[in-house]
Amino acid sequence: MEHQKEEEDLQMALRMSLQSSPSDSKRSMPPEDVEESPEAKGRRLRREIMAAAAEKRMATSSRSAKDKAAAGSTASAVVDDPEMDRGAKRVDGKQLSAEEADRLFLVLFGGAVSKSILAQWTNQGIRFSSDPETCMGLVQHKGGPCGVLAPVQAFILKYLLFFPKVLNEDYPSVLRPNFYQPSVPQISPFKGDDFSSITDIRRTRALVLGMVEILFSCGEKKRAVVATLGDKGGGQTVELQNEAMEAILIESGADLKKHLRIRTHNSPADAFHHLMLELPVFQSRLGAVLFLISALLSRGLDSIQTDRDDPTLPLVTSPFGHASQEIVNLLLCGEATANVFDGRMDLGGGMSLGGIAGEVEVGFLTLLESLNYCKVGQLLKRPRWPIWVLGSESHYTVLFALDGAAQAEAEAERREAAIRAAFDARDQSGGGGFVAADDFRLVLLDTGVDLPVDQLAALCATGYVVWSEFWKVLMELDGRHGGLKLEPGRVPRKRFELFHFNGIAKSGGADAVQRPRLCHLRVSVPPKWFQEDELISSDIKQEEEEPAMQAPLVDCIRTRWPRASCSWTGDPPSIV
């Protein structure tokens with residue numbers, strides 16, 4: 001009975017934390033009926049309920065293992081650390097020292113940041129669109145913080161699309177240490193492009209679960225630091241609290257020391273409930289920068305600087321205030337590396353550049369690869385879930401599929417990907433597509449490719465082997481020798497659907513609702529080792545191809561699916 005009451009208290013606290021969450025992207029003031037729901041009363045009740053639940057949990061911590069098991073797994077997943085449990089009553093958290101605050105500001109913005117850049121980064125909340133068609137998406141008003149919003153959006157989509165049952169739970173089971181995540185993405189229950197059925201509470205849970213996963217990834221799965229504001233006008237009405245937050249300026253390390261409060265969590269469940277309680281702060285105009293600071297502190301500033309190629313530069317770049325690739329990689333992969341290739345690149349002389357260390361949950365593609373400015377590795381191109389942050393010259397958006405089949409590959413495709421990954425691992429040119437002859441011989445050993453002596457000699461004649469020349473040889477080499485030669489015939493095109501989300505608010509007029517943009521794309525991909533005239537339809541009559549349409553997004557998609565053709569209805573999708 002006592003445990004049941006404790007469970008009810010905790011559930012009430014969670015429900016209250018979800019109330020009055022603003023969904024309108026333009027709203028910074030509370031609803032007009034604040035007198036009926038004074039924030040002071042709500043804050044006090046939340047504190048009292050969580051404190052009471054915590055005290056009860058501590059009082060029963062000496063139960064035997066058998067009694068704990070009988071009490072149920074849900075409550076234990078919510079509060080599993082007595083020290084963190086007591087911390088539920090410490091809303092303000094720890095204050096940074098002057099030295100820590102100055103260093104944090106310098107790493108983030110540098111020593112000569114303009115007021116316009118600071119305005120971009122301190123006027124962007126993490127808020128959902130109020131438009132039903134894009135209600136699953138976060139709204140961005142100006143440039144800059146898209147490098148934070150897009151990765152968060154990608155993780156939101158992971159939970160909304162592929163973990164819908166978890167979002168029905170007051171205490172999502174994904175927070176439990178023994179939760180099983182399938183190795184193969186499931187098919188999302190969403191059909192077409194109708195996301196209007198997503199409720200506020202489900203998208204809120206998806207947001208907070210995504211935030212928790214990102215922060216623990218930055219903290220090497222061991223910890224998450226949540227940075228919020230200290231004095232938020234406690235004991236006042238919602239309106240006065242919002243006014244107090246609106247008056248906060250972050251223009252120096254001294255401002256971070258004055259306003260910032262941090263708490264460290266060793267349990268995802270504790271971090272989840274803390275973020276739920278503090279969600280209005282992350283929805284405020286300081287939300288995006290506070291979450292980025294949380295990620296930086298979760299990783300640790302020493303580790304951040306070690307990750308980077310040039311730690312003397314600020315993470316927010318001048319003169320336009322764009323998020324650096326280090327910020328995006330930190331949020332996607334947990335490390336603030338500046339590069340998108342796989343593994344590390346040895347430059348000789350004891351110097352090396354860091355790339356992506358291992359498998360990622362959501363991936364990354366960039367238009368810059370189509371322009372030959374960089375080479376994205378297979379780890380980012382083939383994430384665990386079919387969701388990608390897309391980069392252009394000045395903006396980050398999100399691409400996703402509802403079905404993991406978009407990533408499915410034939411045996412020959414998997415073989416080609418493995419050979420290319422081995423080749424890239426020896427490529428010391430920064431993505432130039434060639435390796436030294438000695439390294440090439442190691443590629444052949446790694447992949448089991450048995451080249452005839454004359455072909456090997458011809459490829460290595462200049463001392464370097466270019467991928468495009470190696471590829472031609474592989475296409476003519478029989479599979480028994482590790483090649484990719486296939487006989488034309490019964491090779492249908494691969495067809496699937498993708499969705500592109502651009503969070504920049506687009507308005508039709510001063511009074512119109514600001515809407516992000518969602519584009520539904522139909523994609524057709526021929527096998528890349530056959531020419532168009534070699535393709536033969538399958539037993540089922542092949543559908544007539546839609547006319548291919550062109551946009552910079554298509555060039556970006558082709559870095560993942562070569563020779564893909566895309567079509568859509570309406571305006572061309574924008575990646576800027």
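The values are calculated or read from the model by the stated rules, or taken from the named source; none is laboratory data. Given the structure is predicted, the values throughout are model-derived calculations rather than measurements. Positions of Cβ are backbone-derived with ideal geometry, glycine not excepted, and every protein chain shown enters the neighbour counts. Protein only, heavy atoms only, side chains kept; ligands, DNA and RNA dropped before computing areas. Shrake-Rupley method; radii C 1.70, N 1.55, O 1.52, S 1.80 Å.
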Between the modelled labels at Glu251 and Glu169 (7 Å from Cα along Cα→Cβ) the distance in nm is 4.7 nm
Once the mean of 1/r over all distinct C-alpha pairs in the range 341-422 is inverted, the Kirkwood radius in Å reads 14.1 Å
Sorted on mean Cβ neighbours within 10 Å (highest first), peptides 199-211, 416-428 come out as 199-211, 416-428
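Of the heavy-atom accessible surface of the range 125-182 (probe 1.4 angstrom), what whole percent is carbon and sulfur? Intermediate results must be reported in sequence, preceding the final value.
On the way: 940 of 1780 Å².
Ligands and nucleic acids excluded, carbon and sulfur give 53 percent.
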Binned at 5 Å starting from 0, the alpha-carbon pair-distance distribution of the range 393-493 in whole percents comes out as 2, 11, 20, 20, 15, 12, 10, 7, 3, 1
On the accessible surface of the range 285-394, probed at 1.4 Å with all protein chains in place, carbon and sulfur together account for a percent value of 53 percent
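Stretched out fully, how many nm does the piece from Thr306 to Lys191 gain, at 0.36 nm a residue minus the Cα gap? Could you put the intermediate results ahead of the total?
On the way: separation 115, 0.36 × 115 = 41.40 nm, distance 4.41 nm.
Roughly 37.0 nm would be gained on extension.
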One finds, for Asp200 and Thr462 with R0 = 60 angstrom and r their Cβ-Cβ distance, a FRET efficiency to the nearest 0.05 of 0.45
